Every structure is written in structure tokens, then in C-alpha cells.
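Nothing in this text is a laboratory measurement; each read-out follows from the coordinates by a stated rule. Please read these numbers as outputs of a predicted model, since none were measured by experiment. With ideal geometry, Cβ positions are generated from the backbone for all residues, glycine too; neighbour counts draw on all protein chains shown.
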Amino acid sequence: MAKKTVYSVCGMCSVRCPIMVETEDGNVSFIQGNPHDPGMAGGLCPRGGAGYALLMDEERPQAPMIRQGARGEGKWKTVTWDEALDYVADKLRAIMAEHGPRAVLWSDRGGPFADLHQAFMRAIGSPNYCNHDAACARNVQHAAKSVMGKGRKEVGYDYKNCKHLVLQTRNIFEAINVKEVNGVLDSKAAGGKVTCIDIRANITATKADNFFMIRPGTDYAFNLAVINTLLANGWYDKDYAERFIEGLDTLEAFVAPYTPEWAEQETGISAEAIVKFCKELKSAAPAVIWHPGWMTARYTTSFYVSRTAYLINALLGSIGAKGGLPFVNGPGDFGKKGLKSFAALFPKPEEKRADGAGWKLKHIDAGPGLINKAYEAIESGDPYPVKAYIVHRHDPLHAMPDQARMKKIWENLDLLVATTFSWSDTAWHADVVLPMSTYLERDSPIATKKGVKAYFFRRDRAVEPRYDTRAEWEILGGLAKRLGRPELAFETAQDMWNFQLDGTGYTPADFDATGEIWLADKPKYRTWDELKFGTPSGKIEVVCQKLEDMGLPSLLPYQSPAAPPEGQFRIAFGRCALHTQGHTVNNTMLNEQMPVNPVWINTARAKALGLADGDAITVSGGGYSAQSVALVTDFIHPEAAFMVHGFGHRIPAESRSSRGIADQEMMTGGLDKVDPAGGAIAMQEHFITIAKA
Ligand SMILES: Nc1nc2c(c(=O)[nH]1)N[C@H]1C(S)=C(S)[C@@H](COP(=O)(O)OP(=O)(O)OC[C@H]3O[C@@H](n4cnc5c(=O)[nH]c(N)nc54)[C@H](O)[C@@H]3O)O[C@H]1N2
Ligand SMILES: Nc1nc2c(c(=O)[nH]1)N[C@H]1C(S)=C(S)[C@@H](COP(=O)(O)OP(=O)(O)OC[C@H]3O[C@@H](n4cnc5c(=O)[nH]c(N)nc54)[C@H](O)[C@@H]3O)O[C@H]1N2
Ligand code: SF4
Ligand SMILES: [Mo]
């Protein structure tokens, strides 16, 4: 038997953990965390373990397809790769000839391979590269920029050395990143504390030292009271504040009315508990992480929750500190040369973005923009027509509210292309499906992971593609070549890697032993003299002029969120350890363990509805209804009904993914409900009803 060991990168979620894959005679026999990577300790999460079922899935797209009937009708013609790429290139060429390259829009899942995607858009001359983040972490990104003048990923989370970790809207033990989980476990083993602030007792709450069950949507009140308490009692790092915080007096005056007693009324968490908690934070500072959140596309004021989280970290002196949020380092910080960028091959298009990011919306990061705003341009033709949309590794029809509205808007598109490795609602609706090989069957560009230590990592194909699918570099290269941009068309993965490594002193063979190239032997933390912020003042800023110039307050006066109308619930959603977003519910191994998403309901509310745990229920909202079962518990706030996102697809090609409830279907009108300052969609600003089925 021919056995092989391949070091690669998991693709079951966007975390992309380093893995080791063992194969026998060209078949995958075992997948585990890369044992050479100290953060992985050989472990994987359940989804990583289910990669085999994705590989073997017969219900994924197996060859390129061109739509024959109406969009979404499901009439496909299977074609060769040459036919499919010719078809897309011809259409793009015609659209660009008529409307200019700016008429082409792209959206993707973001992440370490986005350089290639941005390069493709630059190569054709369009400024309209977007990622999915308006439905995920954009509020955090903009909060980070407004406070630190740095993006959220320019500081890390030093879990391992943390003495008090605060998880607010962050379910770290179920919304998993394996290295982060291992770091938190290390910290706990060394006596580190965890505080969980959530609307329900998730798994993280069960492992926390403090659990605060907060009224949904009132985290901003909680944070204002924490700032008030830290400042009123002098429980902050005065030297750090003196040196690095601009506008402390403004902050102090602003939070004066927001006392713990006031916050108790809003949040349901006692004033006494808030004060005790603040004292604990001070005693652990600066080795404190107050997590600014990840999936924060929830409320119209979520940006301010993340913003105050960064300000609290600043008061505790933890931004830049060991055990807190240290600055990350790239190759240059270790005297090494970084990877050669594909995007740098082409000039940045000068054209303004269709979504308005960076010009109409000056406070919005023009990098990936806001995809929902780009849809407004498709709808109105303002600032100019957008006629082609390439949706790469992104399922907006499932990941954003209001599927019907999006489909209507997309009627204005002359071309809708989906590149994907599994069916999605969006791929099913597309004009052309370009099927990607699964992560076990494809190689990817080399990527850089920054951190207190930095490394290069590489996805290497473990087995040959089972079907007529391709890697993304092959697909994009094929399109680029047809559009007169041969620079992006690499013959082999080795050629691509050689291009990237040019000048670094490394070769692709240097990855063979462990899959990674570490650029430093030991972690590098900055001294205070080395902490430089990217704001106009060079400090952490309480007042952000960019926001103020847009008429948006840096410090928003608190407004209490509406209680649900009589008999209704606020919709709340999140992840579970067994599924990734909307793209694993059809996976046989994961579906078997969790085929549907039960709905969490508070015991008293359930009693009033005559419901017991396990009862069949009908859940309705926004003109949509679906069946589920009630999970009745004391440990969810009475105003909220919680369900895991990702279920309830509408894809006839899949036999398992239609089960359960699609939370986003209850968010009709939700494309227009946004956080104006942070830019993200506010998906928990909707109410639903529950009845016995
Ligand atoms: N209502 C509601 N909406 C949400 C959320 C929620 O909790 N509730 N969560 C939000 C969050 S946090 C996020 S990040 C987004 C996620 O939503 P998306 O950004 O759409 O991401 P995924 O569901 O991970 O993947 C999208 C599609 O890409 C395909 N795919 C996955 N991996 C790959 C790959 O490696 N290559 C290729 N070519 N295709 C791939 C899969 O077929 C999948 O259908 O949804 C957001 N939307
Ligand atoms: N297993 C697994 N891991 C994943 C993913 C996955 O799909 N599956 N997806 C990855 C992605 S793309 C992302 S963005 C991250 C998301 O990571 P997280 O943001 O940590 O995950 P969520 O489960 O969406 O939300 C966290 C918690 O917010 C709580 N919550 C809801 N409303 C409120 C509120 O008003 N106040 C407070 N304090 N809490 C509230 C929910 O109950 C939930 O427990 O996870 C990543 N990791
Ligand atoms: S967290 Fe799990 S699914 Fe995501 S990359 Fe890591 S092992 Fe894979
Ligand atoms: Mo996300």
C-alpha cells in the first residue's frame, strides 16, 4: 500500500488550521491537526474531522455548469472547463466593453488567499472587490480603526498568557478556532479567569468564572458602566492612559451618567456584580483581553459595543501588552522578506467604488467595502451600472437577509457566476457554476500568518480531485489568461509558489517537512517605545474625527433597545461546534450528529405558550414559517429566541440541507437595517413568533 503524509490547511471553516493528512493508495485515511504546530497539539474540531465526508459527497457540483432555464430553475448543462471559462470570459469582455471594467463586482469570504482575488479584479481593472464581512465582523474592523487607527487583525489575542479573558458576544468554545481554544485552555490551567457576557448560557458560559446573562442588545450600557467604574475608582492604568490615550477627559465626562446602578436597570446585571468584576479586571491588568467580538452584524449600535471594548482594553493597558492584545508582527518585523503579492502586479484601479466605500462613505474601509451597498448600485445604477457579479466562496442568498429582495436586485445583472465546492443557494441561482476542488484535493497560494510569531503556510493537495473540479488559482488563471492577463496564469502550483517566494530565500521544498515556515524562534512583544498607533494623533483616540466628519458620534448617547412586541421574541442566532455557517448541513457526518436546529426559549415564556422541552413548534417572522423543536431552558434571556444559523437551504440538488429553520429568512427588509457607523447589517433587529405546531 502506498502511504503518504501531506501537510496542509483545513478548509472546513475560514479559520484554516494547519493539518496533517494521511493517505493510502490515493485515498484519505486520516486527518489530524498538524502535530508540528505547537498551537494545534494535533487536535482538530469536529468539522475538521468531517472533511472526509465533504470529499466523498456525491451531492456537490462535479463539473462546470451553465444555466439553461430561468435563474434558480435548476436546468443545467454540464460543460468542459474550456467551454465554461470561454463563456464567462466572453460575457465579461462584452460587459466591460459596454460599461467599463467597473461594471464587474466580486465578493468572497475574505481570508488569507484574498490577494489572488484582489489581483484578478485589479487585472481586469475593476475597483469593486468586496468580501462578506458586512454580514460578519465589519463593525469590529471599523471600531478598531476608529480607536487605534489599526485594523482588528493588527493586534492579536494573547490567550495563553491572559489572566482575565472577557468574552462578550463571543462563544469561543463553540465558534471555534482550534489554536485559540488551546490558548484559552492553557490560560485556564495557569489560573486565568474567563468572564462570559451572553444572552444565554452557551458552552463558553459553562466554563467561565463569571457568567452575566445580559438583556439582548444592551451590551453598550454594560460597557459604558464598566468605563464609568474603572475611571471613577481609578482602576485603570494611569501611566498608559497618560502616554497613549487622547481624549480621556471627554470619555470621563461622557460616561458620568452611566453608573452601574443605571446599567443594572438596562442589562439586568446587578451593580454590585459589575463593580466586583471591574475590580477583578484591574487586578489582572494588563494581561486582560476584552474580546471586541467577531460575528457582530447584530444591532444598529454593535459598532459602539466593539468601540467601547477597545477603549476598555486601552484603559487596562492591555493594547500592545503580553497577555492582552499585542501588536502582531509580519515577516519584516523579524528581518525577513514577505511573500510577493499577486495584486501588486497591477496598478490599483483609480475608479471610485460602486458601494461608496472610501468616498461617499469616508468612514468605511475601501479595502473590502460593503457588499450590501454594492447591491444598491446594482439596483439603481448609481453611481454607475454594475452588470456582472462573481460570487466566490460566498453564499449571500443564505448569509444575508432577504433572499427575495436580493434575487430581485440581481435581475439587473447580465452575468452571475458562482465558484464553490459545494452547492449553495447562490450557486443554485447562478448563471455559471465553476466547481472548486475541496481543500483535500487542491493546492492554494502560500499565505502569511502574522502574530507575536509569524509564519508562512501552504495548502498542499492530499489527493487528486474525485470529480472534474479545479483549484481557485487554476480557475482565476484560466479566466485571466482569456482576458489578456497571462501574469496570473500559472502552469503549476510550483510555479505559483516560486513566484510568491521569490526573494524570500525560501523554496517550496522548505514546506515539505512540516507544512509551515516559521519566521521567528520566539515571540516578539513591543515595548511602550515601540507602540505606534495609526490615528491622526498617533494615540488611541476617544474621538474619531473621521466619524464626526460624517455626522456620526464617536460616543453615542445610549438608547434602550425596544422590547419585543407582546408575545414575540427577538431573533438571536449563532454557531455550534458541529457546523460551519451554511455549508456543512449537507455533510453526512455532521448532519447525522445535528440534522436540525432547535430553538432556545426561556422556561417562563415557554410555559405561557404551553410549550414543554422537545415540543414541535412553528416559528414565524418576515412572512416565513418553519417547523422546529423547542429547547426550553432557564438559561436564555426571556426576550430572545436563539437558533443556530445555517439550516433551511433551498437547494434541490442536496437531500439533507433543507431541514431546520433558516434564521435569515425571518429578516425580511433586513438588507436596509444596518449599523450606520460600523457598516454591518443589523440582523438581530427583527422579532418573531413561536407557537405549538
Ligand atoms: N442570519 C444570519 N446570517 C449570517 C450569520 C448568522 O449567524 N445568521 N453569520 C454570518 C457570518 S459570521 C458569516 S462569516 C457569513 C458566512 O457566510 P458565507 O460568507 O457565505 O460563508 P460560508 O457559509 O462559509 O460559505 C459560503 C459558500 O462557499 C462555499 N465554500 C466554502 N468553503 C469554500 C472554499 O474553500 N472554496 C470555495 N470555492 N467555496 C467554498 C460553500 O459552498 C458555501 O456555500 O454569514 C453571515 N450571515
Ligand atoms: N463551530 C464553528 N466555529 C466557527 C464558525 C462556525 O460556523 N462554526 N464560524 C466562524 C465565523 S465566520 C465566525 S464570525 C465566528 C463567530 O464567532 P462568535 O461571534 O463567537 O459566534 P456566534 O455563535 O455567532 O455568537 C456568539 C454569541 O453571541 C451571543 N449573543 C447574541 N446576541 C447577543 C447580545 O445581544 N449580547 C451578547 N452579549 N451576546 C449575544 C450568542 O448567544 C452566541 O453565544 O466563529 C467562527 N468559528
Ligand atoms: S476550526 Fe475546525 S473546521 Fe475550522 S479550520 Fe480549524 S479544524 Fe478546520
Ligand atoms: Mo463570520
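Numerical summary
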read-out: Point-to-point label distance, Asp25-Lys481, nm (Cα→Cβ direction, 7 Å offset); value: 3.4
read-out: Reach of Lys3 by Cα under 14 Å, taken over aspartates and glutamates that are not fewer than 8 positions away in the same chain; value: Glu22, Glu24, Asp25
read-out: Three-way shape label, segment 569-692, alpha-carbon gyration tensor, a/c 1.5; value: oblate
read-out: R0 of 30 Å, Cβ-Cβ distance Leu609-Trp262: FRET efficiency to nearest 0.05; value: 0.40
read-out: About the Cα centre, charge dipole magnitude for segment 73-159 (Lys/Arg +1, Asp/Glu -1 at Cβ), debye; value: 380
read-out: Partners for Lys453 among aspartates and glutamates (Cα-Cα distance below 16 Å; same-chain residues under 8 apart left out); value: Asp37, Glu154, Asp158, Glu180, Asp333, Glu516, Asp521
read-out: Length gained when the stretch Ala344-Glu242 is fully extended (0.36 nm per residue, less Cα-Cα span); value: 32.7 nm
read-out: Virtual spin-label span in nm between Asp529 and Glu83, 7 Å along Cα→Cβ; value: 6.8
read-out: Given charges at Cβ of Lys, Arg, Asp, Glu: the chain dipole, positive-most of Met295, His637, Tyr240; value: Tyr240
read-out: Residue pairs, from the table Lys160/Lys337; Lys352/Lys387; Lys153/Lys238; Lys336/Lys522, whose Cα atoms sit over 20 Å apart; value: Lys160/Lys337; Lys153/Lys238
read-out: Counted charge near Ala84, where neighbours are those whose Cβ lies closer than 13 Å (Asp, Glu -1; Lys, Arg +1); value: -2
read-out: Cross-link partners of Lys481 among aspartates and glutamates (Cα-Cα below 19 Å; sequence separation of 8 or more within a chain); value: Asp82, Glu83, Asp86, Asp90, Asp115, Glu472, Glu491, Asp495
read-out: Loop-located GluC sites (Glu not before Pro) in segment 72-157 whose Cβ has at most 14 other Cβ within 10 Å (DSSP); value: Glu73
read-out: Span-like helix ranges in the chain, DSSP H, alpha carbon extent 18 angstrom or more, Kyte mean at least 1.0; value: 219-232
read-out: Overall dimensions of the chain by Cα: Rg and Dmax, Å; value: 24.6, 73
read-out: Potential lengthening between Gln545 and Asn412 on full extension [0.36 nm per residue; Cα-Cα distance subtracted]; value: 44.1 nm
read-out: Of the GluC sites (Glu not before Pro) in segment 506-609, those whose Cβ has at most 16 other Cβ within 10 Å and which sit in DSSP loop; value: Glu566
read-out: Listed residues Ala253, Gly582, Pro64: farthest to the positive end of the dipole of the chain (Cβ charges); value: Ala253
read-out: Selection from Ala314, Asn34, Ser625, by position along the positive dipole direction of the chain (Cβ); value: Ala314
read-out: Cβ-based net charge around Gly358, under 13 Å, with every Lys or Arg adding one and every Asp or Glu removing one; value: +4
read-out: Among beta bridges that DSSP assigns inside segment 569-692, antiparallel share in %, nearest 5; value: 60
read-out: Neighbourhood charge, 15 Å Cβ-Cβ cut-off, centred on Val194 and excluding it, Lys, Arg +1 and Asp, Glu -1; value: -1
read-out: Dipole magnitude of the chain about its Cα centre (Cβ charges: Lys, Arg +1; Asp, Glu -1), debye to nearest 20; value: 580
read-out: Expected 222 nm ellipticity per residue - DSSP helices of 4 or more, -39500 (n - 2.57), all of the chain, to 500; value: -8000 deg cm²/dmol
read-out: Long pairs among Lys145/Lys193; Lys322/Lys450; Lys163/Lys276; Lys145/Lys546, criterion Cα-Cα beyond 22 Å; value: Lys145/Lys193
